[in-house]
Amino acid sequence: MKRLFAVLVMALSATAAQAEEVTTYTLENGMEVVVIEDHRAPVVVHMLWYKVGSADEPVGASGVAHFLEHLLFKATDVLESGEFSATVAANGGRDNAFTSYDYTAYFQRVAADRLELMMQMESNRMNNLRITAEDVETERQVVLEERNQRTENNPNALAREQFRAALFQNHRYGVPIIGWKHEMEELDLQDALGFYDLYYSPNNAILVVAGDVEPEEVLALARQYYGVIPAEDQLPVRERPQEPPQRAERRITYVDARVSQPYLVRMYLAPERDPGAQREAAALVYLAELLGGSPFTSALGQALQFDTQTAIYTNASYNGSTLDDGVFSFSVVPADGVSLSEAEAAMDEVVNAFLEAEIDPARMESIRTQLRASEIYALDDVQGLAQRYGAALSQSLTVADVQEWPEILQSVTEEDIKAVAAKVLNRDQSVTGWVVANQEEAR
């Protein structure tokens, strides 16, 4: 069965490699254009990525990037409020938008022959938004309610905010994407327009078009609709305050009566994927899988959930798809009768043992196969491909970096993993958080 799966993966790899054809251009106004051809279905995904996210917001105006994302569905000089999405739906498509720390993106998935209409509408709202004070007041209440539902009413979300704020004490990654509530309440028309006028410009944008298209036709449409928009000559250099060296472990106990099950989290700053330097990030992908991937095969899962039944849940995760420092983290939910102190000590014992022991070559090969299959199957998702390139380019990576990533993953060695583990898993450079319903559980 292993040989059969390996043969299948190799065959799919060859097929997928032929399907992923990427062409890039840069318009005269500085806008980047990426075309990903996939002619298997008459569908196209049109995505516009702005290289600005919540980590680029002015101090005191947290949440304005996400707030502006909402406001972009209001009126322009030619579209009524709500008409954009209604037009997409009337043409059999769907659209949405999302904001991260590093980018804000807008997308439409439609029939390929509707691409020009999408470009026409999206380019229009890049430069011709017509928001009013009434729009601002209405939409501010919408995002505040969104925060209430997703964060204020969720003790786990509130705890995560506190942990990130402790981990990122100087960098804007410590500020929630949706914003701090007290600052969201003060966002006004000028905050939104100032952010829009400065950052929503072609020389700060990446157009990604994926699907049943021809590159030259996409370029012609991009020139027609986006190429006529002038560049922003006041666009600032994208520089952010970085974290100083952390010299001591930070600990937080978050108490909230709504917590149903006590648990602990350990977070570390970790290297992100950088242009031409993705090897440490790739090794951290393996490290997360080896320590806390499947409970049946990972070090934490086997030791804590099965061998000793110390925990009912364990996990290790890594997010290095960021412009600046990424995060490596552990989570453990103790079993009944096990204190957080005992669970944390058991977790540390497993991690220390992992650092001292040899890595099983069979596990390495299994993870390589899983990653290869995952990368191959991802190529069947046109929107996923568009998102992969858009996010990467918004975070300083190149098309070459994206295309080299699968092979970098395959080339990771046990030595790479041990080296990056020793670098990242330093208790003096961590934040440990306990989440409990009452002080009695914090022991």
Whole-Hz Karplus couplings 3J(HN,Hα) for region 214-228, θ = phi - 60° and coefficients 6.51, -1.76, 1.60, Gly and Pro as x, run 10, x, 5, 5, 5, 4, 4, 5, 4, 4, 5, 9, 9, x, 8
What does a probe at Asn154 reach in region 398-435, counting residues whose amide N is under 16 Å from the point 7 Å along Cα→Cβ?
none
Would you please calculate the Kirkwood hydrodynamic radius of region 205-334 over all C-alpha pairs and express it in Å, rounded to one decimal?
19.2 Å
Please report, for the Cα atoms of region 396-435, the Rg to one decimal and the Dmax as a whole number; what are they, in angstrom?
15.1, 42
Once fully extended, how much extra length lies between Arg223 and Val399, figured as 0.36 nm per residue of separation less the alpha-carbon to alpha-carbon distance?
61.3 nm
Roughly how big is the chain's charge dipole about its Cα centre, with Cβ charges of +1 (Lys, Arg) and -1 (Asp, Glu), in debye to the nearest 20?
860 debye
Sum -39500 (n - 2.57) across every DSSP H segment of at least 4 residues in the chain, then divide by the residue count to get the 222 nm mean residue ellipticity, nearest 500.
-13000 deg cm²/dmol
Determine the percent antiparallel among the DSSP beta bridges restricted to the chain, to the nearest 5.
80 percent
By what distance, in whole Å, do the Cα atoms of the chain stretch along each of the three principal axes, largest value first?
64, 55, 38
How long are the three semi-axes of the equivalent ellipsoid for region 361-441, computed from the Cα gyration tensor as the root of 5 times each eigenvalue, in whole Å, largest first?
31, 21, 16
Any residue on another chain or 5+ positions along whose placed amide H is under 5 Å from the amide H of Thr104 is listed here as Tyr50, Val52
Return the loop-located trypsin sites (Lys or Arg not before Pro) in region 165-258 (DSSP other than H, G, I, E, B) with at most 11 other Cβ atoms within 10 Å of their own Cβ; answer none if there are none.
Arg247, Arg258
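Summing +1 for each Lys or Arg and -1 for each Asp or Glu, what net charge is found among the other residues whose Cβ lies under 12 Å from the Cβ of Val399? Working shown, then result.
Values: positive: Arg388; negative: Glu20, Glu21, Glu32, Asp401, Glu404.
My count for the surroundings of Val399 gives -4.
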Log10 I(q)/I(0) at q = 0.21, 0.28 Å⁻¹ for region 233-277, from Debye over equal alpha-carbon scatterers, is -0.97, -1.19
In what sequence, highest mean first, do 394-403, 204-213 appear when ranked by Cβ atoms within 10 angstrom?
204-213, 394-403
Which distance in nm do the two modelled labels at Lys423 and Ala362 give, with both placed 7 Å along the Cα-to-Cβ direction?
3.1 nm
Using 7 Å Cα-to-Cβ label points, what is the Asp233/Glu134 separation (nm, one decimal)?
3.7 nm
As computed over region 140-231, the Cα convex hull volume per residue (Å³)
178 Å³
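First select every other residue whose beta carbon is under 13 angstrom from the beta carbon of Thr151; then total the charges, Lys and Arg +1, Asp and Glu -1.
Values: positive: Arg147, Arg150, Arg160, Arg164, Lys181, Arg258; negative: Glu145, Glu146, Glu152, Glu161, Asp256.
With Lys, Arg at +1 and Asp, Glu at -1, the neighbours total +1.
Equivalent-ellipsoid semi-axes (√(5λ), Cα gyration tensor) for region 15-108, whole Å, largest first? Present the calculation step by step, with values, prior to reporting the outcome.
Numbers: eigenvalues 147, 83, 33 Å².
Calculated on Cα positions only, the semi-axes equal 27, 20, 13 Å.
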Where the only charges are on Cβ atoms (+1 Lys, Arg; -1 Asp, Glu), what is the dipole of region 20-99 about its Cα centre, to the nearest 20 debye?
240 debye
Over region 329-398, with the other protein chains present, what is the accessible area per residue in square angstrom, probe 1.4 angstrom?
42 Å²
Result for region 162-279: accessible area per residue, probe 1.4 angstrom, in square angstrom, of 48 Å²
With axes computed from alpha carbons, what is the tilt in degrees of helix 115-127 against the longest principal axis of the chain, rounded to the nearest 10 within 0 to 90?
90 degrees
Set Lys and Arg Cβ to +1 and Asp and Glu Cβ to -1, take the dipole of region 238-278 about its Cα centre, and tell me which of Pro275, Pro245, Leu264 lies farthest positive.
Leu264
Just order 290-298, 335-343 by mean Cβ neighbour count inside 10 Å, highest at the front, would you?
290-298, 335-343
In degrees, nearest 10, the alpha-carbon axis of helix 414-424 is tilted away from the dominant principal axis of the alpha carbons of the chain by 90 degrees
From the Cα centre of region 37-98 to that of region 393-443, the distance in Å is 31 Å
Between Asn170 and Val142, with labels modelled 7 Å along Cα→Cβ, what's the label distance in nm to one decimal, could you check?
3.8 nm
Any chance you could list the semi-axes, whole Å, largest first, of the equivalent ellipsoid that the Cα gyration tensor gives for region 260-379, using √(5λ)?
26, 17, 13
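The values are calculated or read from the model by the stated rules, or taken from the named source; none is laboratory data. Since the structure is predicted, the reported quantities are computational estimates derived from the model, not experimental observations. With ideal geometry, Cβ positions are generated from the backbone for all residues, glycine too; neighbour counts draw on all protein chains shown. Accessible surface areas use protein heavy atoms only, side chains included; no ligands, DNA or RNA. Shrake-Rupley method; radii C 1.70, N 1.55, O 1.52, S 1.80 Å.
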